[in-house]
Amino acid sequence: RAYTVLLGVRELSGPAGLGVTLPVSRLLPYPGYAGEATSGDIALAQLARPVAYSPTILPVCLPDPG
């Protein structure tokens, strides 16, 4: 409950009121993460509600596993 995701903006320092903030319901950090300033600083976040796509909010395209 301490985390939110900001969607639809390119810079956090942009104008206020842009983007959509959604709460995170579940966070799965990389098991090998060993703290700040180390490698492995990635996580999978499950959002608390579905994302409404727009011209500035689109799904990411992932490469094939191979």
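Which members of region 30-43 meet the condition of being under 28 Å from ILE57 (Cα atoms), open to solvent by less than 80 Å² (accessible area, probe 1.4 Å) and either at pLDDT 85 or above or among the β-branched types (Val, Ile, Thr) (or both)?
Matches in region 30-43: ALA43 only.
Using beta carbons and a limit of 9 Å, which pairs, at least six apart or on different chains, have the first residue in region 45-57 and over 13 Å from LEU18 (Cβ atoms) and the second one assigned to a loop (DSSP other than H, G, I, E, B) and open to solvent by less than 100 Å² (accessible area, probe 1.4 Å)?
VAL51/PRO59; TYR53/PRO59
Residue-wise test of (1) under 12 Å from the mean Cα position of the chain (by Cα); (2) of a type in the set (A, V, I, L, M, F, W, C).
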{"site": "TYR3", "(1), (2)": "yes, no"}
{"site": "GLY8", "(1), (2)": "yes, no"}
{"site": "PRO15", "(1), (2)": "no, no"}
{"site": "LEU27", "(1), (2)": "yes, yes"}
{"site": "LEU47", "(1), (2)": "yes, yes"}
{"site": "PRO50", "(1), (2)": "no, no"}
{"site": "PRO59", "(1), (2)": "yes, no"}
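The values are calculated or read from the model by the stated rules, or taken from the named source; none is laboratory data. No experiment lies behind these values; they were computed from the predicted model shown. FYI the Cβ positions are ideal-geometry reconstructions off the backbone, even for glycines, and counts take in every protein chain you see. Just the protein is used for accessible areas: all its heavy atoms, side chains included, with ligands, DNA and RNA removed. Shrake-Rupley method; radii C 1.70, N 1.55, O 1.52, S 1.80 Å.
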